[in-house]
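*Asks:* What follows is a structure written as structure tokens; I'll ask about it next.
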Amino acid sequence: MCIRSLGRGSPVKYPNLGLSDLRINFARALSPRWHMPKSIRSPRHQRLLEILIEERKRADLTQAVLAERLGRPQSYVAKYENGERRLDVVEFIELIEVIGAEPKKVFARLLRTA
């Protein structure tokens, strides 16, 4: 293994990669101030879930029917609607298109209301 030390704040060298002078301060790199706050359960995330549920219902789709159209189990839809699972951008676009809505309009709606 090319990592010599993983102690808190200890410099780490990577000699096998030709980067022996590269030093990383893990304490600083992993400090919370260097990370974005988690969005899950935030007011904006809750609003996104409300919008996704509204759009699904507007299209007169049950979770089971939507899941079938997505080629996923019903639990997939239930988990993201309950906030147990996140959607990435590609999944969001696919979901909105399957529902029959326009991703840009749904996203704009989120930005206006959150």
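Every read-out reported here was derived from the displayed coordinates using simple, explicitly stated rules and does not represent laboratory data. Worth saying up front: this structure is predicted, and the values here are computed from it rather than measured. Glycine gets a Cβ as well: all are built from the backbone with ideal geometry, and neighbour counts include every protein chain shown.
*Asks:* Given (1) without any contact (Cβ under 8 Å) to a residue 12 or more places away in the chain; (2) assigned to a helix (DSSP H, G or I), identify the lone condition not met by residue 72.
*Replies:* (2)
*Asks:* Can you name every residue in region 36-84 that is exposed (fewer than 13 other Cβ atoms within 10 Å of the Cβ) and on the phi > 0 side of the Ramachandran plot?
*Replies:* Within region 36-84, 41, 60, 71 qualify.
*Asks:* Hey, can you tell me all the residues within region 75-114 that are farther than 21 Å from residue 40 by Cβ, in a helix (DSSP H, G or I) and among the acidic types (Asp, Glu)?
*Replies:* Passing the criteria: only 97.
*Asks:* May I ask you to list the residues in region 51-69 that are of a type in the set (D, E, K, R), part of a helix (DSSP H, G or I) and closer than 21 Å to residue 110 by Cα?
*Replies:* Passing the criteria: 54, 55, 56, 57, 58.
*Asks:* So, of the residues in region 95-111 that are aliphatic (A, V, I, L, M) and farther than 22 Å from residue 67 by Cα, which turns out to be surrounded by the most Cβ atoms within 10 Å (Cβ to Cβ)?
*Replies:* In this case the residue turns out to be 110.
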